[in-house]
1. Measuring from a point 7 Å out along Cα→Cβ, what nm distances, shortest first, does A:Leu171 have to its partners in the other copies?
2. Please identify which residues in the stretch A:103-135 have an amide N closer than 14 Å to a label point set 7 Å out from the Cα of A:Asn173, following the Cα→Cβ vector.
3. Once phi is turned into θ = phi - 60°, what whole-Hz ³J(HN,Hα) does the Karplus curve with 6.51, -1.76 and 1.60 give for every residue of the stretch B:111-124, x standing for Gly and Pro?
4. Show me the three semi-axes of the equivalent ellipsoid for the stretch A:1-80, from the C-alpha gyration tensor (sqrt of 5 times each eigenvalue), largest first, rounded to whole Å.
5. Determine the calculated [θ] at 222 nm for chain A from helices alone, applying -39500 (n - 2.57) to every DSSP H run no shorter than 4 residues and normalising by the residue count; nearest 500 deg cm²/dmol.
6. For the stretch A:164-209 and the stretch B:1-52, write down the distance between their C-alpha centroids in whole Å.
7. Given the options A:Val177, A:Val131, A:Val14, which has the most mean-square fluctuation in a GNM of chain A, springs set between C-alpha atoms less than 10 angstrom apart?
8. Dividing the alpha-carbon Rg of the protein assembly as shown by 2.2 N^0.38 Å yields what?
Number of protein chains: 2
Amino acid sequence: MNLDLSLYLVLDPVQCGGHAGSLAIAQAALEGGVTIVQLRAPQWHKRAWLALASDLLPITRQFAVPLIINDHIDVALACGADGVHIGQKDLPPEVARKLLGPRALIGLSVADEREVDDANPLGTMIDYVGVGPVFDTPTKPDASAALGIEGVAALCARSLHPTVAIGGIQLSNAGHVKRAKPGGIAVVSAICKAADPRLAAQQLRAENSRTS
Amino acid sequence: MNLDLSLYLVLDPVQCGGHAGSLAIAQAALEGGVTIVQLRAPQWHKRAWLALASDLLPITRQFAVPLIINDHIDVALACGADGVHIGQKDLPPEVARKLLGPRALIGLSVADEREVDDANPLGTMIDYVGVGPVFDTPTKPDASAALGIEGVAALCARSLHPTVAIGGIQLSNAGHVKRAKPGGIAVVSAICKAADPRLAAQQLRAENSRTS
């Protein structure tokens with residue numbers, strides 16, 4: 001499936017009001033222009049992940065947008081998702097590639113120069129890197145220290161892979177993040193918690209494609 | 001691999017003092033007569049699971065004892081473990097069987113009559129059920145209410161699958177648990193926290209095979 005990182009929605013069902021709320025927000029966000037969706041439900045058991053991912057897939061497929069599963073390769077295999085996003089402490093990229101096959105989209109989180117330098121020689125083992133956190137964020141309390149715009153810019157320039165900036169990105173700061181020249185921006189609460197997720201996605205898309 | 005539930009060690013690396021401690025305790029417990037080992041590290045990220053499981057496998061293989069991975073089918077696939085143990089909220093048994101194939105050992109936790117009745121028609125989709133908790137236990141704070149000996153006896157009698165009793169079993173009460181007639185007993189701290197894990201396993205084996 002085509003990889004377009006422009007506007008990357010990390011869907012946290014706890015922030016979206018559960019299973020049904022997540023489906024509604026995903027639908028609205030896709031209508032608003034989200035180009036890739038990741039399911040991340042660290043507080044949920046896997047049976048609930050599987051149920052939600054299985055219900056999300058027909059929606060994301062309708063928009064020809066990939067659905068990525070955070071961390072759990074087994075959930076991705078079980079539902080036939082389009083790929084996984086893994087952190088530095090999750091199963092390694094080569095394991096993910098082996099289990100998911102050559103067509104899966106695999107993303108890897110990087111938070112410093114060393115992690116970018118380790119990711120660069122991986123070549124097609126991974127499809128993109130998530131660079132962050134840009135700003136401090138309450139969404140992920142175990143995240144490393146914020147990189148800031150300059151830090152993200154340095155890592156994006158250093159990376160040989162497509163990049164998506166993540167961590168505390170809201171409509172109000174998305175324009176600044178563009179200065180770091182990432183391939184795209186990832187948001188959680190900016191859409192999941194928006195009064196109108198469709199409009200929020202539209203505005204983020206517009207902000208993202210505006211000439212700075 | 002042959003399934004013998006007689007003395008089932010649930011290896012929690014946090015209780016065992018980490019990676020190296022877990023390997024030492026597993027080795028000693030296997031020398032003492034443990035017949036099956038499950039790795040369960042709910043506080044750990046998967047890269048650490050994979051590293052420990054990969055180092056455990058040569059040890060369990062030496063004793064021709066299966067190594068089972070709790071919950072994470074992807075970790076089991078990645079290291080080539082002998083099977084998985086899943087709870088009622090983990091990926092369903094049919095998914096585990098599909099991903100792991102016909103030779104994998106698959107265990108399912110059951111805590112009441114309904115869960116046993118749901119498990120019975122699964123036939124060879126699963127290999128055994130874990131019945132518990134027998135007693136209240138601090139090891140698993142999210143466990144359901146203790147079944148007691150009578151409760152475990154009723155569920156073991158009701159199950160069409162081989163059974164292993166779990167939850168708060170120590171050397172001091174293992175003799176009582178026998179009265180519930182499970183196929184075996186599972187322990188965590190009784191071995192992981194024992195001053196001499198080899199001796200603890202030997203004593204539990206002896207208690208288990210003693211005529212009541």
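1. Ordered by increasing distance: 6.6 nm.
2. A:132-135
3. Values, residue by residue: 10, 7, 4, 4, 5, 5, 5, 6, 7, 4, x, 6, x, 7 Hz.
4. Values: eigenvalues 65, 41, 23 Å².
Equivalent-ellipsoid dimensions as semi-axes: 18, 14, 11 Å.
5. On the way: 9 runs with 90 residues, N = 212.
Here the helix-only value at 222 nm equals -12500 deg cm²/dmol.
6. Using only Cα atoms to place each centre, the spacing works out to 44 Å.
7. Checking each option, the largest mean-square fluctuation is seen for A:Val14.
8. Numbers: Rg = 23.7 Å, N = 424, 2.2 N^0.38 = 21.9 Å.
Against the compact-globule rule of thumb, the ratio is 1.08.
The values are calculated or read from the model by the stated rules, or taken from the named source; none is laboratory data. Nothing here was measured: the structure is a model prediction, and the numbers come from that model. All Cβ positions, even for glycine, are placed from backbone atoms using ideal geometry, and neighbour counts span all protein chains on display. Heads up: the accessible areas ignore ligands, DNA and RNA and are worked out on the full protein's heavy atoms, side chains in. Shrake-Rupley method; radii C 1.70, N 1.55, O 1.52, S 1.80 Å.
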